[in-house]
Amino acid sequence: MTALGVQLKPTMPQLRPRSFFETLIRVLITLSVGTAVVLSSISVCDGHWLSSPGRQLFGVWGTCGQETCSPEMARVSRAMVVVRTGVSLAVVMAIFGLELLMISQLCEDGHSRKKWCLGSVLLLAAFFLSSTGTLTYIFLLKDLAEYSAFTLTFWCQFLGTFLFFLNGVSGLYINRLSA
């Protein structure tokens with residue numbers, strides 16, 4: 001082989017093999033993120049997060065009906081744009097984060113650690129947007145909200161938000177440990 005052929009030969013960085021427990025933890029994080037994306041997607045698509053006794057369901061998408069709407073509910077309806085935007089963007093960011101986590105698991109190359117780290121950062125950004133939207137919703141409807149008034153879809157969103165945070169932090173931590 002000539003010297004030129006040796007110089008042109010691509011060099012692949014030597015990757016250390018992952019242990020069984022590291023692979024298991026990464027797979028569990030990926031599955032948990034998938035569950036969080038499904039829960040949050042169902043919650044955002046349904047959107048009915050609060051039921052009040054004897055009244056309509058107050059949702060993320062339709063707070064004020066076609067019939068007469070009080071000025072206070074019209075204000076709440078306009079402020080729901082922040083909630084809708086936050087939780088919808090959170091789901092999209094979490095989907096991209098999940099995709100990066102899965103690609104980093106499937107394609108073992110020199111950039112898989114960076115993909116895992118970026119996916120975890122996207123999950124933390126999804127947590128921030130999702131928690132901002134959820135807390136804004138609670139703040140806007142605090143007069144109507146009772147502990148028993150929150151529907152199952154609200155609790156799906158709450159659990160999805162918590163899982164975004166938990167998986168983002170644990171993803172960054174496992175990436176740092178395996179360095």
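The values are calculated or read from the model by the stated rules, or taken from the named source; none is laboratory data. Predicted model, so just to flag it, every value in this text is computed and none were measured. Heads up, the Cβs are rebuilt from the backbone with ideal geometry, glycines too, and the neighbour counts pull from every protein chain shown. Areas reflect the complete protein model, heavy atoms only, side chains present, ligands, DNA and RNA absent. Shrake-Rupley method; radii C 1.70, N 1.55, O 1.52, S 1.80 Å.
Summary of computed values
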{"read-out": "Pair list, Cβ < 7 Å and 6+ apart or interchain, from region 68-93 residues that are within 28 Å of V38 (Cβ to Cβ) to residues that are open to solvent by 70 Å² or more (accessible area, probe 1.4 Å) and among the aromatic types (F, W, Y)", "value": "R84/W61"}
{"read-out": "Selection status of I174, open to solvent by 40 Å² or more (accessible area, probe 1.4 Å) and either of a type in the set (D, E, K, R) or part of a helix (DSSP H, G or I) (or both)", "value": "no"}
{"read-out": "Residue within region 11-28 that is surrounded by 14 or more Cβ atoms within 10 Å (Cβ to Cβ), at pLDDT 85 or above and among the aliphatic types (A, V, I, L, M) present", "value": "yes"}
{"read-out": "Unique residue being in contact with a helix residue (DSSP H, G or I) (Cβ under 8 Å, 6 or more places away or on another chain), over 30 Å from E72 (Cβ atoms) and in contact (Cβ under 8 Å) with a residue 12 or more places away in the chain when the list is L140, L122", "value": "L122"}
{"read-out": "Residue satisfying all of: in region 151-166; touching a Phe, Trp or Tyr at 6+ places or on another chain (Cβ under 8 Å) and open to solvent by less than 80 Å² (accessible area, probe 1.4 Å); farthest from V91 (Cα to Cα) among these", "value": "T151"}
{"read-out": "Some residue of region 87-103 being surrounded by 12 or more Cβ atoms within 10 Å (Cβ to Cβ) and at pLDDT below 90", "value": "no"}
{"read-out": "Considering residues of region 98-109 that are part of a helix (DSSP H, G or I) and more than 10 Å from V37 (Cα to Cα) only, the residue farthest from the chain's Cα centre (by Cα)", "value": "L106"}
{"read-out": "Top-ranked residue in region 60-82 [being crowded, with 21+ Cβ neighbours inside 10 Å and touching a strand residue (DSSP E or B) at 6+ places or on another chain (Cβ under 9 Å); ranked as modelled with the highest pLDDT]", "value": "M80"}
{"read-out": "Odd one out for L141, checked against (1) open to solvent by less than 10 Å² (accessible area, probe 1.4 Å); (2) within 20 Å of V37 (Cβ to Cβ)", "value": "(2)"}
